[in-house]
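One structure is given here, and the rest of the page talks about it.
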Amino acid sequence: CTWNVTVPRECRAGSKRKAPVAASFHVTLPPFGWLTTENVSGLDVSSPVRYRGVPVGRVSGIRIHPAVDAIEIDFDVFRDRLAEAGARVTRVESLAIYPSLRAQIIGNPVTGEAYLNIDALANPPPPMALRFQPSRTYVPSVPSPMSELRDRLPEVLERTEQTLRTLRDIVAKI
């Protein structure tokens, strides 16, 4: 469980003014872990976790994993947020969707901030091979859109170069 407490600045220690304290209580599902070999710029502890774009949790830890050349990210999913979003919480709790669950970083190129997006895919790619047993429910990664673009860029540039050569040959014959 996680407590989020907000105390207004004018009501903190040393202040004579008394004010109500706003608190919210989230019941979390068992903690999740995620590994990625991608750059995690813009993702911080307390960054949002979204399920198909709907906020359902937050990132609780980011570190370099010692056993693999990857970044390990811990995150919490709030049971009440899942219910508010209309998710079948019992299905999520029973681990029925976890085999198809995948996560990826979605970044905002304007602000530089990022969030972790999780989704249950129909035909998920195979998970990264691990040389250790994860200590929490492990969610495999899916390449981010920018990563896919970066990986395909050499192929696209080669095709563009071939097309330009063909056009030059056509123009030379005219």
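Points to keep in mind about this one:
- Filtered residues of the stretch 97-110 (kept if free of Cβ contacts under 8 Å to residues at least 40 places away in the same chain and open to solvent by 60 Å² or more (accessible area, probe 1.4 Å)): Pro99, Pro109, Val110
- Qualifying residue in the stretch 122-145 (condition: aromatic (Phe, Trp, Tyr) and at pLDDT 80 or above): no
- Test: residue in the stretch 142-160 that is within 18 Å of the chain's Cα centre (by Cα), under 23 Å from Leu43 (Cβ atoms) and of a type in the set (S, T, N, Q): yes
- Every residue from the stretch 111-156 that is surrounded by 10 or more Cβ atoms within 10 Å (Cβ to Cβ), of a type in the set (A, V, I, L, M) and farther than 19 Å from Leu35 by Cβ: Leu149, Leu153, Val156
- For the stretch 51-61, a tally of residues being in contact (Cβ under 8 Å) with a residue 40 or more places away in the chain and farther than 19 Å from Arg136 by Cβ returns 2.
- From the list Pro48, Pro30, the lone residue that is modelled with pLDDT of 80 or more and under 17 Å from Val139 (Cα atoms) is Pro48.
The values are calculated or read from the model by the stated rules, or taken from the named source; none is laboratory data. A quick note: this is a predicted structure, and the numbers were derived from the prediction, not measured. No Cβ is skipped: glycine too gets one built from the backbone with ideal geometry, and neighbour counts run over all protein chains shown. For accessibility, only protein heavy atoms count, side chains too; no ligands or nucleic acids. Shrake-Rupley method; radii C 1.70, N 1.55, O 1.52, S 1.80 Å.
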